[in-house]
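Written below as structure tokens is the structure these notes are about.
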Amino acid sequence: MRNRSGSPSRDKPPVARALLAGSPATLASVSDYYRPPGWFTRNVFNKLVALLTRQGISVLGSRVLAVKGRTSGEWRTTPVNLLTHDGHRYLVAPRGEAQWVRNLRVAGAGELRLGRGTESFRGRELSDDEKVPVLRAYLKRWKAEVGIFFEGTGPDSSDDQIRAIAPKHPAFEVLPVD
């Protein structure tokens, strides 16, 4: 395959080359679970929650998460729900492989902001088995807001049912910076 200048497109990553070539085998391998927010959530709800959180008003545990972008190095922010469960704190990605998840995996650390307060933290990603009680507690607290992303699984579902959806929902323990 050649790019616009007529030279071979070897400079493109393998996934991009496969997408350009229309390879169905590779298309299936890049199907990470992600449910993008709709217009209302993106343009109204998230902005309102972020504004309130920046003003120091936490909406059911909300924080503004700031993580450095994995390619740009610039700070990226998004509102998140900070879960406290059994004396530990967690961030859960109900929509799946969101950009903040990918950035946190690379950066390993970020900031949680509430009003003028900023807390630096490092994130430790949980294994699927570790996620079961965390996802259950998360759904108990925020099912009305995010339950649609969990495919009918709720706080009263069995451990096996929650474990089955766990790979689609990254979760991180929030730890102090060393």
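Would you call Arg136 modelled with pLDDT of 95 or more and either among the polar types (S, T, N, Q) or in a strand (DSSP E or B) (or both)?
On the way: modelled with pLDDT of 95 or more: yes; either among the polar types (S, T, N, Q) or in a strand (DSSP E or B) (or both): no.
Taking the combined requirement at face value, the residue does not satisfy it.
Kindly evaluate Arg105 against the criterion of being within 13 Å of His169 (Cβ to Cβ) and touching a Pro at 6+ places or on another chain (Cβ under 9 Å). It would help to see each step written out before you state the result.
Numbers: within 13 Å of His169 (Cβ to Cβ): no; touching a Pro at 6+ places or on another chain (Cβ under 9 Å): yes.
The answer is no for Arg105.
Only residues that are buried (at least 20 other Cβ atoms within 10 Å of the Cβ) and under 27 Å from Val106 (Cβ atoms): list them for the range 133-149, please.
Hits for the range 133-149 are Val134, Leu135, Tyr138.
Does any residue in the range 104-117 that is assigned to a loop (DSSP other than H, G, I, E, B) come within less than 8 Å, Cβ to Cβ, of a residue that is hydrophobic (A, V, I, L, M, F, W, C) and surrounded by fewer than 19 Cβ atoms within 10 Å (Cβ to Cβ) six or more places away or on a different chain, and which pairs are these?
Gly115/Ile57
Just one of (1) more than 22 Å from Ala166 (Cα to Cα); (2) touching a Phe, Trp or Tyr at 6+ places or on another chain (Cβ under 8 Å); (3) hydroxyl-bearing (Ser, Thr, Tyr) trips up Ser72, so point out which.
With respect to (1) more than 22 Å from Ala166 (Cα to Cα); (2) touching a Phe, Trp or Tyr at 6+ places or on another chain (Cβ under 8 Å); (3) hydroxyl-bearing (Ser, Thr, Tyr), Ser72 is out only on (2).
Which one is least open to solvent (accessible area, probe 1.4 Å) among residues in the range 167-178 that are free of Cβ contacts under 8 Å to residues at least 60 places away in the same chain and closer than 23 Å to Pro79 by Cβ?
Per the criteria, the residue is Leu175.
Can you say whether Gly154 is assigned to a strand (DSSP E or B) and among the small types (Gly, Ala, Ser), as far as the supplied structure shows? Break it down stepwise before answering.
Details: assigned to a strand (DSSP E or B): no; among the small types (Gly, Ala, Ser): yes.
In short, no.
From the list Gly115, Gly152, Gly96, Gly110, pick out the single residue that is among the small types (Gly, Ala, Ser) and open to solvent by 60 Å² or more (accessible area, probe 1.4 Å).
Working: Gly115 fails: open to solvent by 60 Å² or more (accessible area, probe 1.4 Å); Gly96 fails: open to solvent by 60 Å² or more (accessible area, probe 1.4 Å); Gly110 fails: open to solvent by 60 Å² or more (accessible area, probe 1.4 Å).
Testing whether each residue is among the small types (Gly, Ala, Ser) and open to solvent by 60 Å² or more (accessible area, probe 1.4 Å) leaves just Gly152.
If you take the residues in the range 27-76 that are hydroxyl-bearing (Ser, Thr, Tyr) and surrounded by fewer than 17 Cβ atoms within 10 Å (Cβ to Cβ), which one is modelled with the lowest pLDDT?
For the range 27-76, the residue satisfying everything is Ser29.
Quick test for you: out of Ser127, Ser157, pick the one residue that is polar (S, T, N, Q), surrounded by 15 or more Cβ atoms within 10 Å (Cβ to Cβ) and farther than 26 Å from Arg54 by Cα.
Values: Ser127 fails: surrounded by 15 or more Cβ atoms within 10 Å (Cβ to Cβ).
Checking each option against the conditions leaves just Ser157.
The values are calculated or read from the model by the stated rules, or taken from the named source; none is laboratory data. Bear in mind the structure is a predicted one, so any value in this text is a computation, not a measurement. Cβ: placed from backbone, ideal geometry, glycine included. Neighbour counts: every protein chain shown. Quick note on the areas: whole protein, heavy atoms, side chains included, nothing else; ligands and nucleic acids left out. Shrake-Rupley method; radii C 1.70, N 1.55, O 1.52, S 1.80 Å.
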